[in-house]
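The values are calculated or read from the model by the stated rules, or taken from the named source; none is laboratory data. In this text, all values refer to a predicted model and were calculated from it rather than measured experimentally. We place every Cβ from the backbone using ideal geometry, glycine too, and count neighbours over all the protein chains shown.
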């Protein structure tokens, strides 16, 4: 079962290998406060400033390129 508020974010991030931006999180209804909570809980990993990865997705071999493109 995925944490509340992440369903739409999973849909958005799926086509990006599980990576997403703070803006995409906000558009999916995940506030910065919830984002911080999910990082602390281990559901999300902070990759770079404003770029995150849902931990249920494996790290992508081109993750650095995806993060740079986002």
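See the values below:
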quantity: Residue ranges of helices (runs of 4 or more DSSP H) in the chain with at least 2 members under 8 Å from the mean Cα position of the chain (by Cα), modelled with pLDDT under 90 and surrounded by 15 or more Cβ atoms within 10 Å (Cβ to Cβ); calculated: 7-14
quantity: Close pairs (6 angstrom Cβ cut-off, 6 or more residues apart or separate chains): more than 17 Å from residue 70 (Cα to Cα) in the stretch 28-53, in a strand (DSSP E or B) anywhere; calculated: 38/44; 39/46
